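Here is the structure we will look at, set down as structure tokens.
What follows is calculated from the coordinates using simple rules that are stated; it is not laboratory data. If you're wondering where the values come from, they're calculated on a predicted model, not measured in any experiment. We place every Cβ from the backbone using ideal geometry, glycine too, and count neighbours over all the protein chains shown.
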Amino acid sequence: MAGKLIDFSKGSSLYFRLGNYYYDKNNLDRALRFFERAAAVDPANPANQFNLACLLSELGQYQRSNKIFQGLVADQGTRFNESWFWMALNSGQQQQYREAGYYLRKYLEHDPEGDYAWQAEEILNYLSTDLPMLSDNKRERIEELCRQGMELISLGQPQMAIAYFSKASEMESELSLPRNNLALLWFQLGEVDKAIAVTREVLDRQPQNIVANCNLAAFYHFCKDEVSLRRQVQVLHRLWSDNPDEMLKLATTYGLLGLHRRAMYLLRELRESWCNYEVLLMLGIATYNCGLRAEAARIFEQSNRLEPHSPYAVFRQYCDEGSGLIPYHLRTPNEDIAAIIEGHASPEHIKALENPGLWPQLLWVVEHSSTRARRRLCTAALDANCSPLTDLLASSLWQGIGRWQRDVYNIFLERGIVPWQGLGRSRELSPGAVAVLEGIMEILGEQGYGYLAQAVVHECWTTYWKRFRPPVRNRQLWIAALLVFVQGLENLEAIAAEFGLVPARLARAVQKLTTCMTTCI
């Protein structure tokens with residue numbers, strides 16, 4: 001919270017400093033008094049209002065907090081986009097889940113690459129289920145069953161996943177998420193009658209459930225049951241949702257059924273309120289399949305500007321060639337990558353990965369694919385035994401902190417490859433800085449710390465070194481400081497003794513790292 005504070009007037013800066021002092025001391029009630037005074041002395045300073053609203057949220061005063069945030073987004077435009085995210089959290093705490101979803105979508109609309117974007121997307125996915133309405137114990141148990149089921153699917157074990165989704169469905173018959181997943185699993189295993197039966201159970205309880213209705217239409221289409229399909233399409237025409245993910249599902253279902261104009265019109269509307277890469281890509285496909293190739297070309301050009309390394313960038317070329325239809329069920333256009341992620345890799349496909357021209361596409365697919373596909377592609381890349389490609393994959397681990405990077409990290413460990421092996425070839429750091437990084441990574445690995453701790457340490461050290469470029473005369477000092485950064489100040493004296501350092505000197509080094517990270521947030 002403190003990192004957001006800027007340009008305080010002289011009249012309120014004292015109150016802010018006192019409030020921040022007591023906030024750091026975890027005396028939140030006293031901190032509130034001083035933040036309130038700062039806002040009262042300088043009410044025109046929006047930063048004062050923002051910090052007061054954040055603290056009120058922490059203290060559970062959600063309605064008062066949201067009132068301030070609402071004023072900020074009304075008066076300050078896009079300057080305080082984080083206010084939308086905070087309002088969503090406040091609404092969620094009050095079990096106002098519809099409002100929370102609205103605020104999260106507003107945040108992503110105004111700041112799709114913001115600091116909280118990935119959290120907002122995760123929460124929206126969570127809110128799209130019925131899980132928030134359950135008791136804590138039941139919700140946690142169902143979440144765990146669904147998580148294990150999805151993990152088994154990603155590992156290519158759908159039959160085992162069925163048991164987990166079946167158990168989750170039995171625990172709460174009104175819950176649609178596990179039943180919809182269960183239906184898709186039966187369909188994947190060729191048990192179409194069972195898939196239809198489970199989907200009808202969902203619709204008996206929730207006739208307007210978009211996912212279940214779309215799945216049922218797809219099942220009828222697969223079975224070539226034209227009478228049931230026509231009846232189900234009429235049901236689809238009457239559906240609508242405020243959830244853009246559900247509307248995207250509806251649009252792509254229209255496309256899969258060959259109703260390309262329906263898909264195109266729906267995606268055009270969706271583009272107005274929720275324009276992202278996936279929406280643009282699907283809109284381009286629907287437009288192309290309607291025969292409007294010049295318009296489709298313009299849409300693909302726009303999507304390619306968002307994701308220039310996507311393998312689907314080739315769709316723009318299709319507009320010039322003008323033959324056939326583009327499927328909505330996306331398959332990677334590059335045949336070598338497609339064969340690998342589909343489990344049909346040959347030595348020739350793996351050999352093709354040595355081509356550097358393919359690497360941007362490969363990294364894009366690794367980042368955006370499922371765990372199962374990611375594992376197959378990374379394994380093939382390592383099997384290619386191409387050092388530059390291995391180094392490229394290793395370096396991608398430290399360019400952000402996400403689920404896909406953790407998966408790649410674990411694949412490296414399983415193959416007996418040190419994930420930080422390529423750091424020594426970094427041109428961005430001095431040899432001394434690299435030695436510090438390799439030293440702390442090795443220690444964290446030996447102590448059992450996983451990817452998250454190592455990624456945070458990498459970000460901390462590289463941020464500090466690039467900003468100040470200090471001469472690294474005492475590598476042990478900085479390795480110890482980074483270890484304290486991970487383990488906490490309560491371990492400072494023990495770590496100082498272990499490294500033979502004076503505690504006061506080590507504390508100063510830790511303070512430099514902490515201050516840098518705080519001011520750079």
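Quick notes on this structure:
- Calculated from backbone phi, Karplus (6.51, -1.76, 1.60) coupling profile of region 452-460 in Hz, x at Gly/Pro: 4, 4, 5, 5, 5, 5, 4, 5, 4
- Charge-dipole axis of region 425-520 as Lys and Arg at +1 and Asp and Glu at -1 on Cβ define it, positive-most pick from G432, A480, G445: G432
- A Stokes-Einstein calculation at 10 °C with viscosity 1.306 mPa s, built on the Kirkwood radius of the chain over Cα pairs, returns a diffusion coefficient of 60 µm²/s.
- With the Kirkwood sum run over all distinct C-alpha pairs, region 373-459 has a hydrodynamic radius of 13.2 Å.
- With viscosity 0.692 mPa s and temperature 37 °C, the Kirkwood radius over alpha carbon pairs of region 167-228 converts through Stokes-Einstein to a diffusion coefficient of 285 µm²/s.
- Cβ-placed point charges (K, R +1; D, E -1), dipole of region 130-239 about Cα centre in debye, nearest 20: 340
- Loop-located GluC sites (Glu not before Pro) across region 309-382 with a Cβ neighbour count of 16 or fewer within 10 Å are E342, E354, with loop assigned by DSSP.
- Charge dipole (debye, nearest 20) of the chain; +1 at Cβ of Lys and Arg, -1 at Cβ of Asp and Glu: 920
- With R₀ fixed at 56 Å, the C-beta to C-beta distance from D193 to E498 puts the FRET efficiency at about 0.30.
- Centre separation in Å (Cα based) which lies between region 315-388 and region 104-125: 29
- Think of the chain as having a plus end and a minus end, set by charges on the Cβ of Lys, Arg, Asp and Glu; of C223, P470, L108, P470 sits farthest toward the positive end of this dipole.
- Estimated FRET transfer efficiency (R271, L413; beta-carbon r; R0 60 Å; 0.05): 0.90
- Distance between region 49-68 and region 169-205 - C-alpha centres, whole angstrom: 42
- Pairs from the list K167/K194; K224/K249; K194/K224; K25/K67 with a Cα-Cα gap above 25 Å: K25/K67.
- Over region 314-455, the ratio between the Cα radius of gyration and 2.2 N^0.38 Å evaluates to 1.19.
- Entry note, the chain: the mean residue ellipticity at 222 nm calculated from DSSP H runs of n ≥ 4, each adding -39500 (n - 2.57), is -22500 deg cm²/dmol after division by the residues and rounding to the nearest 500.
- Pairwise label distance in nanometres, N27 with R230, each label 7 Å out on the Cα-Cβ vector: 7.8
- Those chymotrypsin sites (Phe, Trp or Tyr not before Pro) in region 158-267 that DSSP places in a loop and that have at most 12 other beta carbons within 10 Å: W240
- Against the chain, whose longest principal axis is taken from its Cα atoms, helix 226-237 shows a tilt of about 40°.
- Farthest toward positive dipole pole in the chain [+1 Lys/Arg, -1 Asp/Glu at C-beta], among N355, I495, G19: G19
- Dipole in debye (nearest 20) - region 2-127, about Cα centre, beta carbon charges: Lys, Arg +1; Asp, Glu -1: 520
- Potential lengthening of the chain between T515 and Q61 amounts to 160.5 nm, from the contour at 0.36 nm per residue minus the alpha-carbon distance.
- Between helix 62-76 and the chain: long-axis angle, C-alpha atoms, 0 to 90°, nearest 10: 90
- In a DSSP loop and with at most 16 other Cβ atoms within 10 Å, the trypsin sites (Lys or Arg not before Pro) in region 449-480 are R473.
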